[in-house]
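Bear in mind these aren't lab numbers, they're just calculated from the coordinates by the rules spelled out. What you see is a predicted model; the values in this text were computed from it and never measured. Methodologically, a virtual Cβ is constructed for each residue, glycine included, from the backbone with ideal geometry; neighbour enumeration extends over all protein chains shown.
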Amino acid sequence: MSNDPQTNPAETDPGWMSEEDRVWREMKKLYSTMSFRERMRKTINGLSMPKDSGEYKFARLQVQRMSGPVIAVLVPVIAIAIMLSLPQKESSTTRATAVEIVEPTEQPELEQEEPEPVEPDYIEPLDTDYDGPVGETSVEAPMDISNEPVSPQPREMNSVAQVKSPIVMRNILGSRDPGQRGKMMSKYGGAGGEASVMRALRWLKKNQNADGSWPGVKPASTGLALLTFLAHGEIPGSDHPEFGPTVQKALEYLVKSQNPATGFFAGHDGNNYAHPIALYALSEAYSMTKNPLVKQAAERAAVPVIQGQYASGTWAYRMKGPDVNQNYPTGDTSYAGWCAQSIKAAHVAELDVPGLEECYKKAADGFLGNYNPTTGGFGYNGRGVTGLSSVGALCMQLLGKWDSPEVTKTLELLKDAKYDFKTWNQNQIKGMNGGSPVYYWYYLTQAKFQAGGETFKSWNRQFMPVLTNMQQRVSAEQSGYVDETGKPREIGYWDSPSKNEHGPGGPALDCIRWENGQPLNEKTTLGKRCQDTCLSALQLMVYYRFLPASQAVNAAPEERPTEKKPTDVKIGIRKKARAG
């Protein structure tokens, strides 16, 4: 119905209106002429009238009209009152906690008479010769790794996170980031060797094979090179643009070349030193990256090392027991050294392998069968005194026996050892003038650092200047190496002063050897040069690679910090397209 008065008879003729409409019109008239006080009076009176009366309807309408503004005013007022009545929160205060940094006490030198040298009945030379073909061989991956993830969030090989070592020697790997490296080098006197380390890392990167390995016995060479980059804190990922891709390719090579059924790697030397070295590298890599694919490969590799341990705790060639290695009833100190280091690294990484804990606990005592209680020191395969004395000392230190009488007496025996490339064969310490000075120095430098105090200070004054000066340097203009920014860089490497240093074969390269202070024009191989460079660079990173044993805390199991482990997912390795 229209509201136009010409078409709405109810507006012009009261006869058309209903009773309710007439009441409404009358109320409108009252509203237009009535004062506020009068309207309030009529509203109050109307509420008491019968509900069908006009007065009551008028009053109800007025109440409805006034309720909106009243509510609009009352609600904010009530809210403000409630907020003002709430108790005020006290301002927080900042608490300062005092932290005391306690410097470790230096281990005093022991004053003992010089022990009489004891000739071992028989010292067999270290055997690491390769029993297969020399040169570069093509290694096909013996395992088919699926690219299909079993998790909605699979990790790539370079999806890594820097973490601290969780067990036994707290933070044993925690000194490898750039800030801690500088602090530790300053503390222990190693700043002068960092330039040599960078030259060596760049030389190693330049000589990496296309498949991610290094020349020589590939699992061994690749494992040593990986350990060298990891010691410097280099891991895959965008935070490590210069060496991250190098480490990633090396990890991919080891994982692809592993037999998933046996845990062994494609290619090995005659006694299979390569296997524990590769396990050592993979275990450290997992501790630093928490990459599940690396963990899986390390766990597979750990199985034959655990199964090949003697009941006494030692090892011999090829990780075979005494029934097979009948000529090694007390094991082989050299081979046991790599197995023990790899088991230590696997234990730090908390690999999930049956028997790992028992293997770790027995490993330190395994060296006692070749310990010489009369003079101190360790023999190769019996109670002699050889260059392997430092192997036994270091491994017992790393395995928790750093303050044992055997280690103390051996360090005293090695107190007067010399670090000299030019006169290495004139060393007066029995057994240190064998055929492998770089190999012996690798262990001796670490053992003396683990002892700390004046034992290492006096050694550091010897070895660091000699080793840095003996590095063969190639200028930035001639190196052919450019870093990730395109800047040419200097590179460097080392060759052992001894032509009898054991190592993998390959094409002959010119080099300088030393004997009785005289240089000799000799030959080496690229595989041996890689090995010598890694063992030398690792010595120059001794300041921050591991904490000294005298500072390490052997935490009880209940004291070990816990951490959340990432989901163990299956990861595919990127496969390069093959030509042809």
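Given just the C-alpha atoms of segment 355-498, how large is their convex hull per residue in cubic angstrom?
Working: hull volume 22.7 nm³, N = 144.
Output value, Cα hull per residue: 158 Å³.
Sorted from greatest to least, the principal axis extents spanned by the alpha carbons of segment 447-506 come out as 43, 31, 18 Å. Sequence-distant contacts, meaning Cα pairs under 8 Å at least 6 residues apart, place the relative contact order of segment 320-430 at 22 percent.
Fully extending the segment from V75 to D323 would add 80.0 nm, taking 0.36 nm per residue of separation and subtracting the current Cα-Cα distance.
Relative protection proxy for 459-472, 367-380, from highest mean packing down: 367-380, 459-472 (other beta-carbon atoms within 10 angstrom). The value given for segment 308-396 is a Kirkwood hydrodynamic radius of 12.8 Å, derived from the mean inverse Cα-Cα separation.
Looking at segment 178-559, the pairs of alpha carbons with a distance over 29 Å make up 38% of the total. Amide hydrogen proximity for V353: with H placed 1.01 Å from N in the peptide plane, no residue at 5 or more positions away or on another chain lies under 5 Å.
Computed 3J(HN,Hα) for segment 380-392, one whole-Hz value per residue from the Karplus formula 6.51 cos²θ - 1.76 cosθ + 1.60 where θ = phi - 60°, is 6, 8, x, 7, x, 10, 9, x, 7, 4, 5, 5, x, glycine and proline marked x.
Applying the Karplus relation 6.51 cos²θ - 1.76 cosθ + 1.60 with θ = phi - 60° to segment 341-358 yields 3J(HN,Hα) values of 4, 5, 5, 4, 5, 5, 5, 4, 6, 6, 5, 9, 10, x, x, 5, 5, 5 Hz, where x marks Gly and Pro.
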